[in-house]
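Let me begin by presenting the structure, written as structure tokens, before commenting on it.
The values are calculated or read from the model by the stated rules, or taken from the named source; none is laboratory data. The structure presented is a predicted model; accordingly, all values stated were derived computationally and were not measured. Cβ sites come from the backbone with ideal geometry, for glycine too, and all protein chains shown count toward neighbours.
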Amino acid sequence: MAQATWPQNISRVVASSPSITFHNLPAITLPPSSSYGFMGLAFEFPPVNNPEVHLTLQNVTRTANLKAFIIDFLCSAAFEPCHTDLQLLYLGCIKPFRVPSPYNCSSNTIENAAKDVKDYLDFLGTPPILLSGLAEPLLNRDTTAYKSFINIATQMAKSSGIKANTFESFEPRAVKAISKGLCIPNAPNPPVYYFGPLIAGNDLAIDEHECLRCLSSQPSQRVLFLCFVSVGLFNKEQLNEMNIRPNTS
């Protein structure tokens, strides 16, 4: 979340839901700049916060009966230090995405792939992914990002459940792969709870962007949803395909 909008979002949540309390963690020393930029830092930053997260949870439990702890899947580094103190620990996927992508991933999935960028990786519940389409840190086994991504899959399997910002009819193949226990064969599969779509709202219609007003004016079943997450990047050919295919389908 952008630094400039964080205080406003906190204020809005507190005003609308007084029962929600925010605990601010103290500032910490950031790890050295990652050679893989944002993606590397996104995985390197959470473990540095673990001591403060653990201490905050201990302080909360002194005055409250903590029933569960939900961690964003990118912050799964907090799983191990908190797991011993909590019976119910969930991993949350706040942004819509193909739910089992990290969930059914293992080091073998990537390590067994050839280095040829034309090779594909098979993740259950999703179309094959071209190796060259993975984020660069995930192609290097020595990076923190690569090891952390594999660790996310391990923690998801150990969790009490997974909360995903999606709905079953939106990702039927992914939901089917998980519900049938295909992601973790011969072992218990944690349940998945779908609570989406969860989006940031705004009561002021005047602030609605023109592109959203255009979508709202379209007839039913005439809008195609393409999710690029936060740092989606496409080349010219892909953009042309996205422009042409909906008109010819």
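I'm trying to understand the selection: among the residues of the stretch 61-82, which are touching a residue at least 40 places away in the same chain (Cβ under 8 Å) and hydroxyl-bearing (Ser, Thr, Tyr)?
Result: SER76, single match.
Looking at the stretch 151-176 only, could you name the residues that are surrounded by 22 or more Cβ atoms within 10 Å (Cβ to Cβ) and either assigned to a loop (DSSP other than H, G, I, E, B) or over 17 Å from the mean Cα position of the chain (by Cα) (or both)?
Once the filter is applied, which keeps residues that are surrounded by 22 or more Cβ atoms within 10 Å (Cβ to Cβ) and either assigned to a loop (DSSP other than H, G, I, E, B) or over 17 Å from the mean Cα position of the chain (by Cα) (or both), the stretch 151-176 yields SER159, THR166, GLU171.
Scan the stretch 43-86 residue by residue and report those that are within 19 Å of PRO191 (Cα to Cα), in a helix (DSSP H, G or I) and out of contact with any helix residue (DSSP H, G or I) (no Cβ under 7 Å at 6 or more places or on another chain).
HIS83
Step by step: first the residues of the stretch 225-249, then only those that are outside any loop (DSSP other than H, G, I, E, B) and closer than 20 Å to PHE170 by Cβ, then the one that is modelled with the highest pLDDT. Which residue is that?
MET242
Test ARG222 against the stated conditions and say whether it is modelled with pLDDT of 75 or more, part of a helix (DSSP H, G or I) and either out of contact with any helix residue (DSSP H, G or I) (no Cβ under 6 Å at 6 or more places or on another chain) or hydrophobic (A, V, I, L, M, F, W, C) (or both). Outline the logic, then answer.
Values: modelled with pLDDT of 75 or more: yes; part of a helix (DSSP H, G or I): no; either out of contact with any helix residue (DSSP H, G or I) (no Cβ under 6 Å at 6 or more places or on another chain) or hydrophobic (A, V, I, L, M, F, W, C) (or both): yes.
So ARG222 does not fit the description; no.
What are the residues in the stretch 11-40 that are more than 22 Å from ALA64 (Cα to Cα) and at pLDDT 75 or above, if any? Steps first, please.
Start the filter on the stretch 11-40 by keeping residues that are more than 22 Å from ALA64 (Cα to Cα), which leaves 11-12, 27-40.
If the condition is that a residue be more than 22 Å from ALA64 (Cα to Cα) and at pLDDT 75 or above, then SER11, ARG12, ALA27, ILE28, THR29 are the ones that fit.
Just to be sure, is LYS115 touching a Ser or Thr at 6+ places or on another chain (Cβ under 8 Å), modelled with pLDDT under 70 and either basic (Lys, Arg) or more than 27 Å from LEU41 (Cα to Cα) (or both)? Write out each step before concluding.
Values: touching a Ser or Thr at 6+ places or on another chain (Cβ under 8 Å): no; modelled with pLDDT under 70: yes; either basic (Lys, Arg) or more than 27 Å from LEU41 (Cα to Cα) (or both): yes.
So LYS115 does not fit the description; no.
Show the residue pairs that are 6+ apart or on different chains and have beta-carbon atoms under 9 Å apart, the first residue being within the stretch 143-158 and of a type in the set (D, E, K, R), the second being not in a helix (DSSP H, G or I).
These pairs meet every condition: LYS147/ARG141; LYS158/LEU89; LYS158/PRO190.
Before we move on, is ASP72 at pLDDT below 70, exposed (fewer than 15 other Cβ atoms within 10 Å of the Cβ), of a type in the set (D, E, K, R) and on the phi < 0 side of the Ramachandran plot?
no
Could you tell me which residue of the stretch 79-100 is modelled with the lowest pLDDT, considering only residues that are within 15 Å of the chain's Cα centre (by Cα) and of a type in the set (A, V, I, L, M)?
The extreme case among them is VAL99.
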